[in-house]
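**Q** Provided herewith is a single structure, encoded as structure tokens, for subsequent inquiry.
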Amino acid sequence: MSSSSPFQLSSRDIQVRARSSCFPYPFPSDNSGPLTLNVRYHKPSGNHDTEPTILCLPFWGGSASTYDDVLTQLASSSSKSISVALSYRGTGSSHARDPDTPLDTPLDTPLDTPLDTPIDTPIDTPLDTPLVTPLDTPVDNPLDNPVDNPLDTPLVTPQDTLQNHSISSLAADVLGVLSSPDFTSDLIPSGRLVLVAHSMSAKVAYHLLYYLGNGGIDGSGVRIGFRVQRLLLLAPAPIGPLDLPPQMRAQQLRAYDSLENASWTIRSVLSRSPLDDDVVRRLAGDAVGMSPGAKSGWLGEYGMKVDCTEVLRAAMNLVKGTRRAFRVRVLVGREDRVETVEKVQKETVDVLHSMGVNVGIKVVEGCGHLLPVEAAKEVVGEIESLLHT
């Protein structure tokens, strides 16, 4: 869904040095060179020194613009907090450059299909057909069509490896943004954060919690004196590992290999409430426009298979004295086919409870997986509740 707003969002490119993971788990060095991450934000007028900054992290296939409705609704609310949404490397307007590429070289290459090409071609696949289906899925499911690049075919460049799109590398990138003078000076003046993480970004958030709770010294030895006060999880991926059969992983990869497939996936799998054509077009463009590494990185051992149980437990131990003051809210759509209510309760909420975390869950009726798009009003309501309690 989309909403009109008199408030204009701002956009900023922040250059950070891509680095190897700074977490206590071995990980290959990142040699991808300079990195530019894009943020979209709204900064209310007045003094923000006492208000936490709201930092929003997107789902696999999304970008900072996925949160546009959330940010504009926050801007029109009574909130005095700065709100920021970030695009990971290889998504939206964020890119890792080849080290030999001049900084003034254009980064954006056109998609094979223009975004104004009609994408709503009729398909016969029922709305309730799942994304990951048996081999006898009807042929009118576009995700069942053969592709030129099987899943095990290398799709990435030396600067766009799967490792560089790992959960820990994405978390290190976010820390690079947080430690950037271009961000710190005016977008997080209070030094406090309300973190909003959608789907796969829940795993990134757990690493951030550990890192910031451990003193916040980045790979360059710079101390990041920020504190996450509240965490809002939107349809979170499991805390533990998620291991899909190869066929299902291949189908997930094909979901974003064309505008047609991405549009079908958005309408028929990821969402449940009606979405405007321009919203679907924007979401599909983001999904298809991801770099090969960004598309594939989530689907293997560096992404969905990562078990965050121990890093989350370590993060909670670091804030043991204030654990009950640290609040977590979980929002999930009743009609979510990706992260069902039952799955989120068992694999996220119950696990957090077992660690002594102050966590609550709310189910949004008539909503699918795309909470920032389908249920921006409910997301904003949860953020405001966390800000005021």
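The values are calculated or read from the model by the stated rules, or taken from the named source; none is laboratory data. Owing to the predicted nature of the structure, the values given are computational and were not obtained by experimental measurement. In this analysis, Cβ positions are derived from the backbone assuming ideal geometry, glycine residues included, and neighbour counts consider all displayed protein chains. Keep in mind that these areas ignore ligands, DNA and RNA; they rest on the heavy atoms of the full protein, side chains included. Shrake-Rupley method; radii C 1.70, N 1.55, O 1.52, S 1.80 Å.
**Q** I'm trying to understand the selection: among the residues of region 362-389, which are farther than 18 Å from Ala75 by Cβ and open to solvent by 40 Å² or more (accessible area, probe 1.4 Å)?
**A** Lys362, Val363, Glu365, Gly366, Thr389 - these are the residues of region 362-389 that are farther than 18 Å from Ala75 by Cβ and open to solvent by 40 Å² or more (accessible area, probe 1.4 Å).
**Q** Six or more apart or on different chains, Cβ under 7 Å: which pairs go from a residue in region 224-247 that's open to solvent by 10 Å² or more (accessible area, probe 1.4 Å) to one that's among the small types (Gly, Ala, Ser) and in a loop (DSSP other than H, G, I, E, B)? Could you list them?
**A** Gly225/Gly191; Gly225/Gly216; Phe226/Gly191; Phe226/Gly216; Arg227/Gly191
**Q** Those residues that are in contact with a Leu (Cβ under 6 Å, 6 or more places away or on another chain) and aromatic (Phe, Trp, Tyr), I need them from region 277-322; list them, please.
**A** Tyr302
**Q** Okay, next question. State whether one or more residues within region 280-301 are more than 30 Å from Asn214 (Cβ to Cβ), touching a helix residue (DSSP H, G or I) at 6+ places or on another chain (Cβ under 7 Å) and of a type in the set (Val, Ile, Thr).
**A** yes
**Q** Could you say which residue among Ser81, Ser93, Ser65 is open to solvent by 10 Å² or more (accessible area, probe 1.4 Å) and part of a loop (DSSP other than H, G, I, E, B)?
**A** Answer to the check: Ser93.
**Q** In region 349-359, is there at least one residue being touching a residue at least 12 places away in the same chain (Cβ under 8 Å), within 17 Å of the chain's Cα centre (by Cα) and within 30 Å of Ser268 (Cβ to Cβ)? Spell out the reasoning first.
**A** Of region 349-359, the ones touching a residue at least 12 places away in the same chain (Cβ under 8 Å) are 349, 351-352, 355-359.
Subsequent filtering for residues that are within 17 Å of the chain's Cα centre (by Cα) retains none.
The answer is no; no qualifying residue exists.
**Q** Can you confirm whether Pro58 is closer than 21 Å to Ala172 by Cβ and at pLDDT below 80?
**A** On the way: closer than 21 Å to Ala172 by Cβ: yes; at pLDDT below 80: no.
The answer is no for Pro58.
**Q** Also: Looking at Glu347, Glu339, which is the one that is part of a loop (DSSP other than H, G, I, E, B) and not β-branched (Val, Ile, Thr)?
**A** Every option except Glu339 fails the conditions.
**Q** Same structure, new question: Within region 255-333, considering only helices (runs of 4 or more DSSP H) that don't extend past its boundaries, which have at least 3 residues that are of a type outside the set (Asp, Glu) and open to solvent by 30 Å² or more (accessible area, probe 1.4 Å)?
**A** 309-318
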